[in-house]
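The values are calculated or read from the model by the stated rules, or taken from the named source; none is laboratory data. Since this is a predicted model, take the numbers as computed values, not measurements. Please note: Cβ atoms are built from the backbone with ideal geometry, for glycine as well, and neighbour counts cover all protein chains shown.
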Amino acid sequence: MQLLFQVMTTLFVEQLTVIDFSFFDHHRGIVGESWILDVELEGTLDENGMVFDFSHVKKQIKHHVDQLIDHKLLIPKQLPGLKTDIDGDQLTCTTTTHGAGYYRHSSPVQAVTFIPADAVTIETVKPYLQQSLMSILPKNVAALRIELREEVINDAYYHYSHGLKRHFGDCQRIAHGHRSRIQVFINNNRAPNLEQKIAKEWKDIYLISEDDLIASKDERNFLVAYSANQGYFELSIPKHQCDIIPTDSTVELIAEYLATKLKKEHPNDQIKVRAFEGVQKGAIASA
């Protein structure tokens, strides 16, 4: 007896990757973020009995997502007052927020992605990603479903953006970031009051390495600039959204900076800081 129906099978991958990026918000300014990506692929089985080879799913989709939005500055294309200028491979974007101030971001084109919306949210980025990913999948894949979600964090966290000029990869981009937990221990006991204090001080923060500061006559903004192997990067950002640290802003040095700062405030205590960089990774510093 011949079957008159076709069986569809769904392949799923939870937490296929974590997307670390910054986005521009008309009220908050430049905000670091980390989203977890879950994927479902629905389709008919190929000659090997698979919808899509598991060994290729993560590699192919992750590569495409990385090219689209990972370690980039996401800007809503319909952002009020947004002005853009392209000179060769150099893209400069300027805008003024409601209350936050004036911003100018200049970088190679590849460091920025424009989202076709008036705000960057999970709801606006999800269809953009889904449509682009469908174009690279094999023909036997009939449907793609993706979920973007934040890590569930029940204690203190902060959003931070930065750039690492000495990094040879995409971390050198001057406005990428993370949503990160922070844990502080005083004499081996958690100190939630100090964790909340750091999270409050570094809410939507931009971390500036001291030697990346450029002299500027603008009293309201800091000017940050450097050249890296991907090109020239420059950012003018309101001072109230920034903190200046004496080193590069790797997660190891962030943990060390916070531990040293807390040790000065609590000289007779043992300090340990667990600073996260996005989801489930980070560095520990003790003082």
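Listed values, structure above:
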| item | result |
| --- | --- |
| Out of Ile36, Ile61, Ile69, Ile75, sole residue that is under 17 Å from Val18 (Cβ atoms) and out of contact with any helix residue (DSSP H, G or I) (no Cβ under 9 Å at 6 or more places or on another chain) | Ile36 |
| Residue match in region 30-43 (condition: modelled with pLDDT of 95 or more and either at positive phi or basic (Lys, Arg) (or both)) | no |
| Selection count, region 80-112, where residues are surrounded by 12 or more Cβ atoms within 10 Å (Cβ to Cβ), over 11 Å from Phe233 (Cα atoms), out of contact with any Gly (no Cβ under 7 Å at 6 or more places or on another chain) and of a type in the set (Val, Ile, Thr) | 3 |
| Qualifying positions in region 48-79 - at positive phi and either touching a Leu at 6+ places or on another chain (Cβ under 9 Å) or surrounded by fewer than 19 Cβ atoms within 10 Å (Cβ to Cβ) (or both) | Gly49 |
| Residue identified as over 26 Å from His71 (Cα atoms) and in a loop (DSSP other than H, G, I, E, B) among Lys217, Lys203 | Lys217 |
| Number of positions in region 119-133 that are assigned to a loop (DSSP other than H, G, I, E, B) and either among the hydrophobic types (A, V, I, L, M, F, W, C) or surrounded by 16 or more Cβ atoms within 10 Å (Cβ to Cβ) (or both) | 2 |
| Ala275 vs. criteria surrounded by 15 or more Cβ atoms within 10 Å (Cβ to Cβ) and not in a helix (DSSP H, G or I) | yes |
| Any hit, region 134-142, residues being of a type outside the set (Gly, Ala, Ser), over 19 Å from Thr17 (Cβ atoms) and surrounded by 18 or more Cβ atoms within 10 Å (Cβ to Cβ) | no |
| Total residues in region 42-61, condition part of a helix (DSSP H, G or I) and either of a type in the set (A, V, I, L, M, F, W, C) or within 15 Å of the chain's Cα centre (by Cα) (or both) | 3 |
| Identity of the residue in region 143-198, among the aromatic types (Phe, Trp, Tyr) and surrounded by 13 or more Cβ atoms within 10 Å (Cβ to Cβ), that ends up nearest to Gln270 (Cα to Cα) | Phe185 |
